[in-house]
1. Return the only residue of 106, 117 being closer than 30 Å to residue 205 by Cα and touching a helix residue (DSSP H, G or I) at 6+ places or on another chain (Cβ under 8 Å).
2. Which of the residues that make up region 150-168 are more than 13 Å from residue 99 (Cα to Cα) and either free of Cβ contacts under 8 Å to residues at least 12 places away in the same chain or in a helix (DSSP H, G or I) (or both)?
3. So which of 124, 178, 171, 197 ends up being over 15 Å from the mean Cα position of the chain (by Cα) and either modelled with pLDDT under 90 or in a helix (DSSP H, G or I) (or both)?
4. Does region 92-102 contain at least one residue that is surrounded by fewer than 18 Cβ atoms within 10 Å (Cβ to Cβ), more than 30 Å from residue 194 (Cβ to Cβ) and out of contact with any strand residue (DSSP E or B) (no Cβ under 9 Å at 6 or more places or on another chain)?
5. Under 17 Å from the mean Cα position of the chain (by Cα), under 16 Å from residue 155 (Cα atoms) and outside any loop (DSSP other than H, G, I, E, B): which single residue out of 97, 78, 103, 112 fits that description?
6. Can you name the number of the only condition in (1) modelled with pLDDT under 85; (2) assigned to a helix (DSSP H, G or I) that residue 129 fails?
């Protein structure tokens, strides 16, 4: 078309494509939090960029790093299977960027969710807003690599006239996407087809079904408080020794409920003068709270606090 820059020359970095000059200045764009060096703090965002660079896109990706740090990306939206962005270049009209990656089918997600719910470790970390590093292995074992295994799995589109893929507008979007994964790791899973709410609700349901499939036992006579019957659990075979709470309650007599109200909250056996102490690592609270909000530092602040807690724990 007349007036369109030569695509081959543009891909090579020369010719008339260079005549477009510097990108237009943007106010209020999405700026990368990293101002120098590598972009990405968490293992999953770094892994995402490492995978992209392994596709021999490293030199092309670096073309968009300055765009990401200048705030040239105006909008970034992550939906199942698609990332859409608007990037301001040298022309008056911003360029439209789209990156697509296939979502996992429902049957595969159900298998992954069952595997996650089967281990309290995974459920606890996810409910705390964190992605354990073992998650990548779990997805791979289910036949669903969490990250793309080849560049062909990614559909990359940009409305700019540059022939290179990725162009600097796509590359800037990749960098901002990695930082979006830093701020909210569930964005990565959302891109693959499961939102945070859907995944966590499913895990809670599966965990509840695994730990309490039939619900708590109900007393047969509401007027009698029978500790032995209430605490014995499943019916035991003759001669079987009671265990746990049943062992403590087995020898207590049945007491009419009206006579037990004033002693309901008292322990059936004496408690020790001092409660047992629990020795935990200095990072327990950090693991429970999850990453801070991006406005106060995000995962980067979490890592600095983790190092500080380790230092305090040794002093």
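1. The conditions single out 117.
2. Initial filter on region 150-168 (more than 13 Å from residue 99 (Cα to Cα)): 150, 160-164, 168.
The answer is 168, and nothing else.
3. Criteria check complete, one pass: 171.
4. Yes.
5. On the way: 97 fails: under 17 Å from the mean Cα position of the chain (by Cα); 103 fails: outside any loop (DSSP other than H, G, I, E, B); 112 fails: under 16 Å from residue 155 (Cα atoms).
Only one candidate qualifies: 78.
6. Tallying (1) modelled with pLDDT under 85; (2) assigned to a helix (DSSP H, G or I), residue 129 fails exactly one: (2).
Matching residues to (1) modelled with pLDDT of 85 or more; (2) crowded, with 16+ Cβ neighbours inside 10 Å; (3) within 21 Å of residue 148 (Cα to Cα):
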position	(1), (2), (3)
12	no, no, no
27	no, no, no
37	no, no, no
46	yes, yes, yes
51	yes, yes, yes
55	no, yes, yes
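The values are calculated or read from the model by the stated rules, or taken from the named source; none is laboratory data. What you see is a predicted model; the values in this text were computed from it and never measured. Don't worry about glycine lacking a Cβ; one is built from the backbone with ideal geometry, like all the others, and counts go over all protein chains shown.
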